[in-house]
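Engineer: Would you mind keeping the following structure in view while I ask a few things?
The values are calculated or read from the model by the stated rules, or taken from the named source; none is laboratory data. As the structure is a prediction and not an experimental result, all values here were calculated from the model. Cβ: placed from backbone, ideal geometry, glycine included. Neighbour counts: every protein chain shown. The protein model used for the area step is the full one, side chains on, heavy atoms only, and it has no ligands, DNA or RNA in it. Shrake-Rupley method; radii C 1.70, N 1.55, O 1.52, S 1.80 Å.
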Amino acid sequence: MPIDATQPYDDNNIFARILRGELPSKTVYDDEFALAFHDINPQAPLHILVIPKGAYVSWDDFSARASDAEIAGFVRAVGQVARDAGLVAPGYRLLANTGLDSHQEVPHLHVHIFAGQKLGPMLAI
Ligand code: 5GP
């Protein structure tokens, strides 16, 4: 079910539980501001999710409420994860679904990194 990006933060969402170590993840990056791990249901040969450590529902919530340090740390982490995976030369796609029309399903901000093949048109509707 897609989530409403204006809803309050739910402490028991699946990514909050991964951040607390209550659920496993195939982690590829971890620092003060961000955690990155493989998507459980990959939509490309490489599909990584990068999430902020703070409790933010969506891109909207994060961009409105996060501190400058959190925003800088998170954005740099997304770039670092892609760089570490060797994706700069072949290229990659970032996606942050936000709310109902985007079909965001997990109510904790996550940026998808897709890579590993030609990714085709930007949107398939
Ligand atoms: P959204 O549709 O919210 O942008 O994307 C949610 C993503 O989270 C989906 O690609 C889905 O496969 C992934 N996902 C959902 N539950 C889990 C989980 O427990 N572990 C991992 N690693 N990914 C998950």
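Engineer: Let me check I've understood the local charge: for T6, count other residues with C-beta under 14 angstrom from its C-beta, Lys and Arg +1, Asp and Glu -1. What total comes out?
Structural biologist: Net charge around T6: -4.
Engineer: Take the alpha carbon gyration tensor of region 82-122, find the square roots of its eigenvalues, order them as a ≥ b ≥ c, and report rounded if a/c is under 1.5; if not, report prolate when a/b exceeds b/c, else oblate.
Structural biologist: Judged from the Cα gyration tensor, region 82-122 comes out oblate (a/c at least 1.5, b/c at or above a/b).
Engineer: Ordering L100, L19 by accessible area with a probe of 1.4 Å, largest first, what comes out?
Structural biologist: L100, L19
Engineer: Dimensions of the chain along principal axes (Cα, Å, largest first)?
Structural biologist: 37, 34, 29
Engineer: Using only the Cα atoms of region 54-125, build the gyration tensor, take square roots of its eigenvalues as a ≥ b ≥ c, and label the shape rounded, prolate or oblate: rounded if a/c is under 1.5, else prolate if a/b is larger than b/c, else oblate.
Structural biologist: Oblate.
Engineer: Given R₀ = 35 Å, what would the calculated FRET efficiency be for S63 paired with K26, taking r from the Cβ atoms and rounding to 0.05?
Structural biologist: 0.80
Engineer: Which value at 222 nm does the chain reach when only helices count, each DSSP H run of 4 or more adding -39,500 (n - 2.57), with the total divided by all residues and rounded to the nearest 500 deg cm²/dmol?
Structural biologist: Helices in the chain give a 222 nm mean residue ellipticity of -7000 deg cm²/dmol.
Engineer: Of K26, K118, which has the most accessible area and how do the rest follow, probe 1.4 Å?
Structural biologist: My answer, sorted largest first, is K118, K26.
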